[in-house]
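Q: Following this message is one structure expressed as structure tokens.
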Amino acid sequence: METYRRNAARRWALTLLYTAIAPVPLSSFAGEPTSNVGKNFLRSYAGVCLEGAIIALACIIFSVMATSPPAVDPNVSAVTAVWSYVGELIFNLLVLVGAVRMSDRIVKEILGL
């Protein structure tokens with residue numbers, strides 16, 4: 001859980017940093033030789049924002065999956081039902097952590113960074 005918090009804090013700080021320094025690279029569009037700096041900045045800024053969107057989407061999907069009632073067979077014992085629920089919850093948590101950890105790789109593949 002600590003790694004998730006560190007990654008979320010890093011992405012939040014990156015978004016704030018990119019937004020704070022945005023006028024400097026965007027001013028490079030004015031000149032022909034420096035216009036590539038502005039294009040690369042916009043591409044990486046879109047990547048950081050897309051990472052945040054992927055993380056938010058993963059959290060929304062996890063909350064929907066976590067609030068749905070588990071499918072438990074009424075003919076099984078209580079212990080089996082509990083272990084089935086715990087297994088399903090652990091699987092959902094692993095999917096959430098995987099999506100958060102892989103969001104930067106997904107964005108790099110999509111945008112070609």
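Q: Hey, any hits in the range 78-90 for a residue that's surrounded by 13 or more Cβ atoms within 10 Å (Cβ to Cβ) and in contact with a Gly (Cβ under 8 Å, 6 or more places away or on another chain)?
A: no
Q: Turning to a different aspect of this structure: Looking at (1) at pLDDT below 75; (2) exposed (fewer than 12 other Cβ atoms within 10 Å of the Cβ); (3) β-branched (Val, Ile, Thr), find the lone condition where Val64 falls short.
A: Unmet for Val64, out of (1) at pLDDT below 75; (2) exposed (fewer than 12 other Cβ atoms within 10 Å of the Cβ); (3) β-branched (Val, Ile, Thr): (1).
Q: With Leu50, Leu57 as the choices, which residue is free of Cβ contacts under 8 Å to residues at least 60 places away in the same chain, in a helix (DSSP H, G or I), among the aliphatic types (A, V, I, L, M) and closer than 26 Å to Lys108 by Cβ?
A: Testing whether each residue is free of Cβ contacts under 8 Å to residues at least 60 places away in the same chain, in a helix (DSSP H, G or I), among the aliphatic types (A, V, I, L, M) and closer than 26 Å to Lys108 by Cβ leaves just Leu57.
Q: Please go through the range 30-62 and give me each residue that is more than 30 Å from Val95 (Cβ to Cβ) and polar (S, T, N, Q), ordered by number.
A: Thr34, Ser35, Asn36, Asn40
The values are calculated or read from the model by the stated rules, or taken from the named source; none is laboratory data. Quick caveat, the model's predicted, so the values are computed rather than measured. Backbone-built Cβ (ideal geometry, glycine too); neighbour counts: all protein chains shown.
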